[in-house]
Structures are given as C-alpha cells and as structure tokens.
Amino acid sequence: MAWWHSAVTYQIYPRSFADSNGDGVGDLRGIINHVDHLVALGVDVVWLSPIYRSPMDDNGYDISDYCDVDPSLGTLADLDELIASLHQHGMKLILDMVINHTSDEHPWFIESRDPASPKRDWYIWRPAREAMEPGTPGAEPTNAGSAFSGPGWAYDPQSGQYYLHLFSPKQADLNWENPEVRAELYTMMRWWVDRGVDGFRLDVINMISKTYPIGDGPAGPDGLCYQLGMVANGPRLHEFLAEMNAAVGFAEHELFIVGETPGIDVELARSFTDPAARELDMVFTFEHVEVDQAGMKWELVPLRLPVLKATLAEYQYGLEQAGWNSLYFENHDQPRSVSRFGDDSPAFRVASAKTLATTLHLLKGTPYVYQGQELGMTNAGFTSIEQYNDLESINFFHLAVSLGLPSEQLLAVIAAKSRDNARTPMCWDAGVNAGFTTGQPWLPVNADHTQINAAAAIADPDSVFHHYRKLIALRHELAVVREGRFELLLAQDEALFTFTRTLGQVRLLVVANWTSAAQPWPWGLPEVTGAELLLGTHPVGAQELSGWESRIYRLA
Ligand code: GLC
C-alpha cells in the first residue's frame, strides 16, 4: 500500500479561505492561521489551488511565473512556512500544477508572439482558415470552441496568426510536442519538490497531448464545436505522463499525484493509474458530476440515483484490480453538493450533508473534502449576473443571451451550476463577513453564514463537521474502509444508496437514504440483527430510515 491509500485530502481555494491582511482576498498567512482547523478535522493532505504569480483571469489557473507566489496571496517565505507548519502536524502539501497552458503574460508566451523567436514553437500557432481574411469573424483555423465560450483560437495581429487556447484567451496552450517545453516544465516541478512539496494535482492533464491535425467538429448554435475531447487525449499522452513521472521523480519520491482528466472513461482511468504504468496515482473523473445534466453543463436534468450509483460503481469495479479512485462531490469548479444532490432546507441540510459524506467516504479510493463542505456550506444564491466573478458563468450568460435565451431562465441555471457557488468565502464564524476578512470580500459571503460556520459546527457535537471528523477517523482505523472490496446492492432502488465493503472476514454495510422522505427498511439486505452500528446520522431505533438517514454497520 502506498501512503496515500489511507489519506484524506482537503482542498483549499486560497482566495476564499481566510484573509489575514484585510484586502478582501484570502492569502497564505490566512491558511497558516487556520492550520488548527485541518488538524481538528484530521485530514492528511492539503491541496492548494494555484498560488503562483498570475494576472488572475481564471483566479490563478493562468500562470505568469511558475516559481513565485502571487503578491495578492503572500510570498515564497509564507509558502515555506505553511509547508513547514503542515509537516510539523504530520500533513502533506500538494500544489495545483497548471501545465497544459500558461498565461498570455508569461515571458515564454510574450516571446512566442514573435514568429522569429525560438519560443514560437512553444505554443500552438496556426494561420487563418484558407481564403479567409485573418482576424475577421469565422477566419479562425478551426471551429474549436473554448471551455469558457467563444472560439478556442485567438488572433494575434502582430504575426497575422492564431494561437490555441482551450480555456480563456489569456490561457495559451503549450505545445507539448516540443521537447524543450517538456524539459523546462519538469525542471520547474523538480524545483518545487526540492522545496518540500509532496505532490501535485495536475490541471486538465489529459489535454497536454493534442489530437493532430486539429480539425473542425460538429457545430453548435454559435457555429463552434465545444467538444474539447476532440482535441484532448492525444496519442502521446501515456508517453508524456510516463516521461514526466520519471523526470520529476513521482515514483522515486513517493509523491502524491492526482490528474484532472475530463472526458475520459474507466479504461483510460485504469491505464493512467495502474501502478505498473508509472504515470499517475489517481485521476479526477467527471461522469458522476454530469449525471444531472443533459450533454452540456448548463442543461439541467433531475438527478436519477440509479444512474449516479451505476457511474460510481463502474469505477469502483473497474479500478479494483489495478488503479485507484479519487472520491469527490465538490471542488472549486462544482456547486455545493448539499444544494445539488442533498436537501439544503433547514429541516434536512445537516442530515443530507452527512449522508452524502457517509456515501462518498465509505467508497474505496482517496476522498477529497473541499473547504466548507465539512460545514455543509450551501450554494451562493446569487440572483443577478453582476454578483458573479467566474468568467465561465459570465461568458456563458452573455453568449446565451445573444442567442436569444431568456435571462431569468439563464440566471436560474447559473445559480444551480456556477463555479462561484464553491468560491464564496469560507465561513469561520457568525460575525461580520463570517470572519473571512475585515475588509470587503472579493465575492459575497453566504447569507446563511450566521448559522453555517466553523465555530458553530465545532461547538455542536452533532454537526456536519464532527460527522466528517468521524468518517476520516474511521478510514484511518479500519483497513476494510481503505482496502475492502466494494459491492453495490439494490442498484435500481431510486431512494437508497446501499453497498458493502469486504476485507477477509470483515464486512461493512452502508445504507443511505438519498431522499427527504422516510423509507422502509428494504428487502434483500444482509441481516443487521447483532451487527455493530459504527456510525449513523440519526438515533437508531426504528426499522424505517428517516429522510436523509444513513448508517454504517459492521456485520456480525
Ligand atoms: C481546470 C480547473 C479549472 C480551470 C481550468 C483551466 O478544470 O479546475 O478551475 O478553470 O482547468 O485551467
């Protein structure tokens, strides 16, 4: 077993965690001041969303200097201090490494704008579409759309050519075919390892190898093709990952390496994470956070529990023999799970947040807790587009309005799915700005912070926080939680998520009611008479399950 097989990871979005200097933006010192919160929760690894120097077009996922900390977040010395503090408490730190693209303000890209520069080939430059006037509408080399709406190619008038950006125009895709680019990135990553970081979360890592030639795809209403998968998962992906692993020393230094891989399937996940391949330790897959949408992110459909169960089970079974799962419902790109999959009304918020946690943390893999998830924080509840900061939400709104969609309907969809739901400030207490800042917060604080905050949760033994703490402790204590074989029960049940975990003679049964209605104890489960209740959300007595009740039994 690798050390991270027993780890639980906590993700921090530094801008939104804690502000120590009153400028309204979270910072590294704010994190240092709250290390006790992480200790109390019992997590093993901290993942920091990007802290590098950046123009902040995409809040740090657009890096202009890989070897420095952005001044809005602190200094390299602060980061060293944070690493030391986490290490002192037995925790590890992993950095978010964004190497599919750089900021257009990175010196490499600035140099690359000159066609005569040796760095021209470090990015992906193409001439205008044949017989089209460069820079005019529709003259982009292909109809590839960017993840943040609009063309995936930006025009550079200086050279009359276009560069590829699968995300914003300020995030230019690097050309991984060029060996100098790869060597330079590996050297930089080794520099961080030498500085004391314990691993990396690799941003959209399956996009580093492109499928060439990049061509036109099926066009949507605005004439663009938004299937990023057509460009991603290129033929050299495994080669690049194995090369990076060896060059940076992933295996050699026992680093924690998780790749973000949108649009892959279980076979690919296994091929990346099979230890024999020496590529990645685990990947973030997306099918389970797409079960409530029809095709694209913004087309909402109600959650069907059997579909979610089938998706998660497919990965549990598919990575049983080789490979490893990462387990998440939330991160900085996803809405709050209690508002999305649970019931965030006062009657069920706590129970549903706990039951979502029980379900996720009893699966096999490495669980991720996103800041505030352990408090059962809810969606932001924004009602006007002016309240948003996220470029994905804002760009989509304007594109959809231009295509004639009614703005009320769009605002409802964006309120449900926007990335800003997860990015509102962490709520520390019931005071002004939830204790996040003494200044003006960069994004509004949730209105419900007077009830939902860390101080209140820690003081209440029945809180979501203490439930998370117990789940994390259970993983540390019990080998069956870490290693046991997963088996889904009652796959078609629309209300209950039930499964067993088995290791040798030890067998756990998890029964979770994913609805707000009471449910009868179902037929067909293993006998629980005489079983030990390890953790439940409600005082147990009745056979019936209350709304959003869940129980973990150790079977006799
Ligand atoms: C990943 C990040 C997301 C970012 C994008 C571009 O999906 O999680 O926040 O916008 O990559 O770097």
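The values are calculated or read from the model by the stated rules, or taken from the named source; none is laboratory data. Owing to the predicted nature of the structure, the values given are computational and were not obtained by experimental measurement. Because the Cβ atoms are built from the backbone with ideal geometry, glycine has one as well, and the counts that use them run over all protein chains shown. For the accessible areas, the whole protein counts, side chains as well, though only heavy atoms, and no ligand, DNA or RNA atoms are used. Shrake-Rupley method; radii C 1.70, N 1.55, O 1.52, S 1.80 Å.
Data overview
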{"quantity": "Subset of the stretch 164-194 [touching a strand residue (DSSP E or B) at 6+ places or on another chain (Cβ under 7 Å) and open to solvent by 10 Å² or more (accessible area, probe 1.4 Å)]", "calculated": "F167, P169, K170, N175, M188, W191"}
{"quantity": "Tabulated pairs, the stretch 536-556, first surrounded by 14 or more Cβ atoms within 10 Å (Cβ to Cβ), second at pLDDT below 90 and in a loop (DSSP other than H, G, I, E, B), C-beta under 7 angstrom, 6+ apart or interchain", "calculated": "R551/V540"}
{"quantity": "Subset tally (residues that are closer than 19 Å to E299 by Cβ, hydrophobic (A, V, I, L, M, F, W, C) and not in a helix (DSSP H, G or I)) for the stretch 381-402", "calculated": "0"}
{"quantity": "Positions within the stretch 89-113 being more than 16 Å from the ligand (Cβ to nearest atom), in contact with a Lys or Arg (Cβ under 7 Å, 6 or more places away or on another chain) and open to solvent by 20 Å² or more (accessible area, probe 1.4 Å), in sequence order", "calculated": "W108, E111"}
{"quantity": "Residue selected from the stretch 51-63 under the condition touching a helix residue (DSSP H, G or I) at 6+ places or on another chain (Cβ under 8 Å) and free of Cβ contacts under 8 Å to residues at least 60 places away in the same chain, by the criterion farthest from the ligand (Cβ to nearest atom)", "calculated": "I51"}
{"quantity": "Residue tally, condition of a type outside the set (A, V, I, L, M), out of contact with any strand residue (DSSP E or B) (no Cβ under 8 Å at 6 or more places or on another chain) and assigned to a loop (DSSP other than H, G, I, E, B), over the stretch 294-322", "calculated": "6"}
{"quantity": "Of the criteria (1) in contact (Cβ under 8 Å) with a residue 40 or more places away in the chain; (2) surrounded by fewer than 23 Cβ atoms within 10 Å (Cβ to Cβ); (3) in contact with a Lys or Arg (Cβ under 7 Å, 6 or more places away or on another chain), which one D68 fails", "calculated": "(1)"}
{"quantity": "Selection within the stretch 108-162 - among the hydroxyl-bearing types (S, T, Y) and closer than 20 Å to L185 by Cα", "calculated": "S112, S117, Y123"}
{"quantity": "Scan of the stretch 67-89 for residues that are assigned to a helix (DSSP H, G or I) and among the small types (G, A, S), ordered by number", "calculated": "A77, A84, S85"}
{"quantity": "Condition met for G342 (more than 13 Å from the chain's Cα centre (by Cα), under 23 Å from D96 (Cβ atoms), small (G, A, S) and not in a helix (DSSP H, G or I))", "calculated": "no"}
{"quantity": "Matching option when the condition is under 19 Å from M1 (Cα atoms) and of a type in the set (D, E, K, R), among E290, E260, E330, E279", "calculated": "E279"}
{"quantity": "Checking S49 against (1) farther than 30 Å from W153 by Cα; (2) small (G, A, S); (3) open to solvent by less than 10 Å² (accessible area, probe 1.4 Å), the condition it does not meet", "calculated": "(1)"}
{"quantity": "2 or more residues open to solvent by less than 10 Å² (accessible area, probe 1.4 Å) and modelled with pLDDT of 95 or more: qualifying strands (runs of 3 or more DSSP E) within the stretch 403-514", "calculated": "496-503, 506-513"}
{"quantity": "Scope the stretch 137-180; condition within 15 Å of the ligand (Cβ to nearest atom), charged (D, E, K, R) and either in a loop (DSSP other than H, G, I, E, B) or at pLDDT below 95 (or both); matching residues", "calculated": "K170"}
{"quantity": "Test: residue in the stretch 272-279 that is closer than 16 Å to I205 by Cα, within 16 Å of the ligand (Cβ to nearest atom) and surrounded by fewer than 23 Cβ atoms within 10 Å (Cβ to Cβ)", "calculated": "no"}
{"quantity": "Breaking point among (1) within 16 Å of the ligand (Cβ to nearest atom); (2) at positive phi, for R419", "calculated": "(2)"}
{"quantity": "Any chance G22 is in contact (Cβ under 8 Å) with a residue 12 or more places away in the chain and either among the basic types (K, R) or open to solvent by less than 10 Å² (accessible area, probe 1.4 Å) (or both)", "calculated": "no"}
